Every structure is written in structure tokens, then in C-alpha cells.
């Protein structure tokens, strides 16, 4: 959601900024822009609505040469996707600002600035920041101090990059709520909202903390904390390379990431299995004593990560008998809630920067939780840094907006957590040993599912002209139905909803007719007989059934059912296996419809604003 890239160097920065924007496209955006301080000492800006390539075409006609600059991809919040609302925003011809986040008190500040004679050319909250910095600089303050003082007046979450015409050797950056990272070079330094944007030029990074203000010159980085004190933040080196954001032989990043799931699952399991389950200290030193004290679990997440949490509830309660609550983070933070005794708080996020999940974690810090645990894919993220315990997934970079390998690796990590808890809560050694064997076999099982690509594509051909779809599942496969419906609506724009199969007759059955496909997750488990009666309810009303089952013969009957055989798996791990064909179904349907698979409309990869 929105992307920042900035640079100060001894070379032309336009190519660096433009490539950075391309690498931020996955975050979701509707316009892009770039500003540089040219050799003549003037701020020159170019903006365009639509894709980064639209901006690139303009820059090919009118290059913006300079050694100091900022660029941005915008996802509209205040004001529509127009060129006037695109970043960077200027105050006169002296200040340029790029901004991620939302300024909640922007209207009051705008009124104040208009009374002082400032003219606004956009509908955004960001232009307020540019004029405030300009107004503060006119009081005789240098740029870093002016930005620091303006920050005290802003309410909300934001990350800022600021340059000034009259200060040509300095780039200022601020982080408050929204992520911002510094990239370190030799004779050049960079800022960005994501490491991906800077991988072509550096692999050394500093993650700013909340309230930090950074002053970048070509040879030095100076950081002040929220109180204005000089601080040193640790430098990390990323193992990622620029090639990590390459589609390779695949048509879309989403398809590449679907096919990377066996490897990603194997890497998430690497070093985490023993003969009788998981090693002691899986969550770090001293964690075993803490896990023994856990009497309940609270899971918080958003979107796809929330669905992973719902599956984990079936595991934690079904295998261990521990109470487990799962809630959407954006709802949790705005209601009074009761904390169960000795409760482990688990937050789940691919990016570790999801605004609602972070806010819920921070709010929960005021409550009496036993400890907080982050399940996350990004080790340097805010969620990881602010949690007591961490269980990393190893999905690798996920570029497609619709999450795939992040979801399956989250499920694997949550099952590992279940086994770690199980050592202290009634899961005997034989069962833990059996589960460890099934987990080792999981990557191979996923490879077999991927071999179903062609038959799934044929199923998609019958779905592509539909306007709506229902997804059904029972038990731990109900959240998988939810995830399947989410994937279909995200990238194909077909309206899809998921229900527990037993709820079909309590309302959704009214929608079933020949034009309503019903997608069913039907593993051969103790709930299959109940599920078969739900299928008959659909078939009796002329509904079109698309069933993913690991035992086609157990379904019986004929006519009205398109059935695809999914390789069998252990019942407890079956949700992980059954999610892959639903991902493929959504993907092929979207491709047939001709939608933008990797960058679906109105959506962002990392939702860093409320």
C-alpha cells in the first residue's frame, strides 16, 4: 500500500528511483511520481495516473537528471487517483514530500494554512505536510529540525521523505507507524518503504524505529529519536537479491509463488522437526517453561492470515483441548475484551507491518497476556521486533498481492506451534512422532497437487462466465473454503462467499440454481457423510457442484458434479493440501477473464494504513 523510494548519490538517481518504483508495484497503487533536484538547483517533477510504465514513458521523453530525488506509488485515500493528487507534493518550488500513511488532523491543518495564504492544488492530506514544513523552515530552522517540529503536529501514521531546494545535500526521512528503511551505499544512501526497492543498489539496511528522524547525506546517516537525541540503529544485511523479484519462466508472480510452495514449506520445516515432534526451544530460550504455563490462546490477524488462524483454532482445541479464540485484528482493537487466564497472544502477518495487527498487538500490551508471539515472514518487521516470541515462516519474497505461499507456510508454522504446545498439553510422543512424519511428507504431497494444474484449468473454464460462487467446507476445511472464496474474488472479481456446509440450509441455499457454482472442499474424513447430504441439497436444486475430494468414489452418485481428485493427506494436515487447488482455480479463472492477476484493482499487498 503506497511505496516510497528516495536517493542521494554522486550519480543520476532517476534510474534508481524508477527501478525502485517498479519493485514496489506489488504493494498496490493507482498513480506514480518522481521529483529530482536538477543540476541547476530546481525541483523538477513528473507524475502519471496508472502504472509505473506510464510515468516511465513520460520520463523517456523528458528525463529528470539529478543526484537527489524522491519517488512514490500512491494508493488513493484522500482524493481520487488523479495526477494532481499523485505524489510527490510540493510547497512552492522549495519543498518536496512523499508520504505513506494517513494524517488524521489534515483538515484542521489545511484550514490553518489556507488562512496563512497557502494555496492547495490537491485533495490529499500529504500536501498539508509540504506546506507545514515550508512554513516552519521560514522561521529560520534547518530542514531536519523543521521536519521534527512538524511531526509533533501530525496525528496519525506516516512515513515521510523530504527534500529542499535550498538544502541540496540532504535527504530527511521520518517514520511514525508506517515502515521506512534506510539503504546504505558507498557515497550514496537511500530510503524506501520496502527492502525490495533497494536490492539493486544495496543489501545493507537500517530499520527506523517509531519516531525516528534520519538525515542522509552522500557520506553519512544521522538518526535522531522522537526526543531529538542521536541514536544508533543496528545495520542488517539481507540475503535477498534483486533476482528474488523475477517471475522466471512463469507468466505471473502468483503462479510462480503457487509453484514455490513445496520448497517454501520445506524451508519452513527445515531444522524444526525431530523424531518425536519439534525440538525444545523452538520459540527461543526459556520458551518451554512459558509454553507449559499456557492455558489459552488468542489469535489476531487480518485477511488471509486470519483464515490461517481459524485453521489453527481447530488444531489447538482439537488436539490439545486448550481454549483458542481467533479475531480480526481491526475488530479486536475497537472493543472491550476479556483476557482468558494464562493466555498466549499470537499475531499472524506476512509482512509484519499490517497496521491493524500492529495496533492490536500494541493495545494488547496493556492487558494481562502471558506473552506475545509473532508468526511472520519478514524478520526485520515491526511485528517481529515488538513481540516477545517469534516463529518465522520461510516463504521468501511474495510479490503477488493475493497471498499463496505465505498462507501455506503460516499454516505449517502454526502446526509446529501446536506440536510445541502439545509437548506440555497432552499430545503424547507417539502422536507427535506420527505428525512429524506427515510433515516431512508434506512438500512431496504439495508437488502432487501442483500436477493437477491442467484439470483445474479445465474446471476454471466452467467458472469464468459466472457472476457469483459459493464455497463450502466443514471443520478445519471451512477456513480453507473461506480462503478459496477470498482468492477468487480478489483476482477474478467474481463475487464469492464461503459457508460452513451445515449452514447451507440456513440461508445460502436460496441462492442455488443452475447459474450458481458451488465449490466444495470434501476430504474423506468423519464429516464426509454429513457433507454428502449438503451436496445432495445443492444437486436437487439444479446447482453446479465443483468438488475437491481425496476419495472421489466415496462421494457416490453421478450427474451434476465435477469432481477433482486431490492426493490424500493426514486429516489434520489436509487443509494445507486442499488449499493449493483452490489457489489454482482462482488463478486460472482470473487469467481466462483477463484481469490483472498480480495487481488486482483496489487492493494492496501490505496494508499499512487503517
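Eigenvalues of the Cα gyration tensor times 5, then square-rooted: what semi-axes does that give for the chain, in whole angstrom, largest first?
Over the Cα atoms of the chain, the ellipsoid semi-axes are 45, 28, 22 Å.
Can you order the peptides 162-173, 106-117 by their average number of other Cβ atoms within 10 Å per residue, highest first?
Going by the mean number of other Cβ atoms within 10 Å, highest first, we get 162-173, 106-117.
Against the longest principal axis of the chain, how steep is helix 52-61, in degrees 0 to 90 to the nearest 10, with axes from Cα atoms?
Once rounded, the angle reads 30 degrees.
Fewest to most neighbouring Cβ within 10 Å: what's the order for 304, 202, 77?
Taking fewest neighbouring Cβ atoms as first place, the list is 77, 202, 304.
Going by alpha carbons, how many degrees (0 to 90, nearest 10) lie between the helix axis of 429-440 and the longest principal axis of the chain?
60
Post the alpha-carbon centroid distance, the range 365-400 to the range 107-136, in whole angstrom.
37
To one decimal place, what orientation-averaged projected area in nm² is obtained for the convex hull of the Cα set of the range 253-593?
Directional mean of the projected Cα hull area for the range 253-593 stands at 16.2 nm².
Do you know the relative contact order of the chain, to the nearest whole percent, from alpha carbon pairs under 8 angstrom that are 6+ apart?
13
Can you put 136, 119 in order, fewest other beta carbons within 10 Å first?
119, 136
To test your reading of the geometry: what angle, between 0 and 90 degrees and rounded to tens, separates the Cα axis of helix 574-593 from the longest principal axis of the chain?
The angle comes out at about 60 degrees.
Taking other Cβ within 10 Å of each residue's Cβ, how do 208, 419, 290 sort, fewest first?
290, 208, 419
Quick check on the range 35-168: take the gyration tensor over C-alpha atoms, sort the square-rooted eigenvalues as a ≥ b ≥ c, and tell me if it's rounded (a/c under 1.5), prolate or oblate.
oblate
Specify whether the C-alpha gyration tensor of the range 357-509 places it in the rounded, prolate or oblate class, a ≥ b ≥ c being the square roots of the eigenvalues: rounded for a/c under 1.5, otherwise prolate if a/b is larger than b/c and oblate if not.
prolate
Based on C-alpha coordinates, I'd like the Rg and Dmax of the range 159-266, in Å.
16.8, 54
Can you tell me how the range 210-360 classifies by the Cα gyration tensor, rounded, prolate or oblate, using a/c under 1.5 as the rounded cut?
oblate
Grab the DSSP H runs of the chain that are 4 residues or longer, score each as -39,500 (n - 2.57), total them, divide by all residues and round the 222 nm result to the nearest 500 deg cm²/dmol.
It comes out at -10500 deg cm²/dmol, rounded to the nearest 500.
How large is the direction-averaged shadow of the alpha-carbon convex hull of the range 297-417, in nm²?
6.7
Against the empirical 2.2 N^0.38 Å scaling, what ratio does the C-alpha Rg of the range 3-237 come to?
Ratio of Cα Rg to 2.2 N^0.38 Å: 0.91.
No value in this document is a laboratory result; all are computed from the given coordinates. Being a predicted model, the structure only gives us computed values, none of them experimental. Cβ coordinates were reconstructed from backbone atoms using ideal geometry, including for glycine residues, and neighbour counts include every protein chain displayed.
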